[in-house]
Amino acid sequence: MTSCVIAEDEALLREALVALLGQAWPELEIVAACDDGAAALEAIAGRQPDLAFLDIRMPGLTGLEVAAALAGVSPQTQVVFVTAYDQYAIDAFDRGALDYLLKPVTRDRLDACIGRIRSRSARSAADAAAIEALQQQLGSRVPAVGAAPPLVWLTASAGSETRLIMVDDVAYFQSDSKYTVVMTAEGEALLRKPIRELLDVLDHNIFKQIHRSTIVNLKAVASIARDDAGRGVIRLKTRPETLTVSQPFMSLFRNM
């Protein structure tokens, strides 16, 4: 049975795609339907699906970044991008011979896409090169989900105090059920904002997600090494503890 992972941050569009796939491809097994790029990457690494339907514009990791990471975590997974982009972007997809669906996804478009998928036996070596070229061409055109400028400072609770913290001083953020822990050289504070919302307002070039629940400030990283299980171990400049990069996210550090 063919299996797939779906990644779309808008709930209604995600549910609509699940429903359309159920109608057009009843034997397809949807093993995960995710609402952000990090969850999609971990689901793909864990389930090793045949297909991944990836929205390009998602909180945190974009669909392009997830696709680029698959060569290291699930090389057999074929990618179908889901996009609302203009003709410039579509021309780039066509030149790369990559499968894509335009939003809003219709049954006719989905049927045509399924036909192309079925005509291909597996992901080819050319796919990785095409995804890399697409990432270079469209990377600068993929806006953050939140259009606001990057966050400069935040307020967080430390005991009975409310602290004003410059974002540049944050070593890392780590989710803790209801809260997000903000860790600086001086200690920790609690922020009433989930990781997913932080990803929309942080500078994507400086703050990188290394786990579904952890975001690190690259300026605070002293070194990164790989352990025997393929996970990364980050040592920080201003904190004694180390951070673990989950294995699927290690591919995002390959050029660092």
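The stretch between Leu12 and Ala185 holds 58.1 nm of extra length on full extension. This uses 0.36 nm per residue minus the Cα-Cα distance. In the stretch 153-253, Cα pairs under 8 Å separated by at least six residues give a relative contact order of 20 percent. Can you tell me which lysines have their Cα less than 29 Å from the Cα of Lys178? Leave out same-chain residues fewer than eight positions away. Straight-distance partners of Lys178: Lys193, Lys208, Lys219, Lys237. Cα extents for the stretch 181-221 along the principal axes, largest to smallest and rounded to whole angstrom: 24, 24, 17. Per-residue packing, averaged as other Cβ atoms within 10 Å, sorts the ranges 38-47, 202-211 into the order 38-47, 202-211, beginning with the highest.
Each reported figure results from applying straightforward, stated rules to the coordinates on display, with no laboratory input. Owing to the predicted nature of the structure, the values given are computational and were not obtained by experimental measurement. Cβ atoms come from the backbone with ideal geometry, glycine included; neighbour counts cover every protein chain shown.
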